[in-house]
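Read the structure below first, then the notes.
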Amino acid sequence: MNEPNAPEAAEGAASEPAAPAPQSAAASAIVLRADQQEFDRRQLSALALINTGLELAPRPQLAVFFHYCVRSGLDPFARQIYMIGRRNYGDDREEHPVKWTIQTGIDGFRTIAHRAAERTGERISYEDTVYYDAEGKAYEVWLAPGPPAAVKVTVLRGSSRFPFIARWGEFAPTYWDSKQQQYVIAKMWRNMPAHMLRKCGEAGSLRMAAPQDLSGMYVDEEMAQADAEVVAGVAEDATQRLRAAAGLEGGQDGDERTESTEPAAADSHVGEEKPAPRKRTKAAKPKPEPEPEQAPKADEAPPAGERAAPRKRAASAKSGRAAS
């Protein structure tokens with residue numbers, strides 16, 4: 001998928017309204033209408049103000065987003081649902097420079113799942129949440145100050161069970177703190193670790209219970225780790241640009257790096273440790289080569305260390321004249 005170079009690409013991608021707005025929607029110029037097949041220009045302009053970066057989305061992605069808005073019944077203008085574009089730092093970066101993800105809050109997920117169940121005469125309910133420590137011991141309530149290793153949420157739809165286990169190492173977002181010189185957990189995940197992880201588990205379970213309505217959609221908490229990866233990728237790109245501007249790419253002389261500091265784990269349950277970003281030290285200045293010694297000129301006084309020798313030569317010259 002190609003990323004447009006200018007914001008005009010999104011506006012040009014939308015079509016004009018095919019028919020006048022119904023009387024019920026006349027009070028709002030941006031409300032989605034039943035006769036629409038995609039966003040119009042005015043709606044895209046309004047969405048760009050509350051959904052940052054949406055004006056850069058290509059037309060096919062905007063069509064998919066419109067489809068999800070209509071299918072879910074959520075209002076994008078009320079921030080119930082939105083589409084986020086993240087710079088791709090994976091293996092398919094050249095082919096897909098930006099990844100577009102449709103997100104909503106956990107309340108939006110619950111609303112969609114309950115509507116889907118009601119259409120079939122079923123109900124959505126939950127089993128008790130189960131928390132696990134690093135040894136796999138289960139708890140009904142998590143009271144430890146640190147985060148749980150995993151949370152199990154089970155959604156019931158009719159007579160069917162949909163259990164989902166969210167592991168801390170898979171969802172908790174970490175970022176590099178230059179002051180502490182280590183990777184740390186994002187603030188909300190430090191303050192409410194069990195609550196944040198439980199929402200990830202609930203979202204996964206609800207998606208299993210209502211796949212037709214929730215497939216391809218994610219809650220904010222599920223994408224927090226992806227946001228942290230984007231921040232790390234942006235920092236890495238900036239570092240590479242600075243190194244290239246300083247002429248330090250390609251193994252040139254003076255490209256010395258300090259050994260990477262081993263990052264301390266932010267918590268014992270956070271998966272594998274990530275390598276610390278490498279620092280670049282200033283290139284050592286070459287020592288100046290010693291200049292060859294030169295004889296002092298006649299009108300210049302010799303250095304202090306060499307004054308004794310001329311005096312001895314002068315004394316020997318006088319003794320030679322006396323002997324003659």
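Throughout, read-outs are computed from the coordinates displayed, never taken from laboratory work. A quick note: this is a predicted structure, and the numbers were derived from the prediction, not measured. Cβ coordinates were reconstructed from backbone atoms using ideal geometry, including for glycine residues, and neighbour counts include every protein chain displayed.
Multiply the residue gap between ARG87 and GLN103 by 0.36 nm, knock off their C-alpha separation, and tell me the result in nm, one decimal place.
Full extension of this stretch gives 4.2 nm more.
Cβ under 11 Å from SER159's Cβ, SER159 left aside: what net charge do those residues give with Lys, Arg +1 and Asp, Glu -1?
Neighbourhood net charge equals +2.
Can you check what the net charge comes to around VAL64, using other residues whose Cβ is under 14 Å from the Cβ of VAL64 (Lys, Arg +1; Asp, Glu -1)?
So the environment of VAL64 carries a net charge of +2.
Compute the length gained on full extension between ALA29 and GLN212: take 0.36 nm times their separation in residues and subtract their Cα-Cα distance, giving the result in nm to one decimal.
Extending this stretch completely gives an extra 62.9 nm.
Based on the mean of other Cβ atoms within 10 Å per residue, sort peptides 100-106, 140-146, 117-123 so the most packed one is first. Please report the intermediate quantities before stating the final value.
Working: 100-106: 18.7, 140-146: 10.4, 117-123: 12.0.
My ranking of the peptides, most packed first, is 100-106, 117-123, 140-146.
Checking the table LYS99/LYS179; LYS137/LYS187; LYS99/LYS199; LYS99/LYS187 against a 29 Å threshold on Cα-Cα, which pairs fail?
LYS99/LYS179
Would you tally the net charge around ILE81, using a Cβ to Cβ cut-off of less than 14 Å, leaving ILE81 out, and scoring K and R as +1, D and E as -1?
My count for the surroundings of ILE81 gives 0.
So, by mean Cβ neighbours within 10 angstrom, what's the order for 70-82, 124-136 with the highest one leading? Each step should come with its number before you reach the end.
Values: 70-82: 17.0, 124-136: 14.2.
Final packing ranking: 70-82, 124-136.
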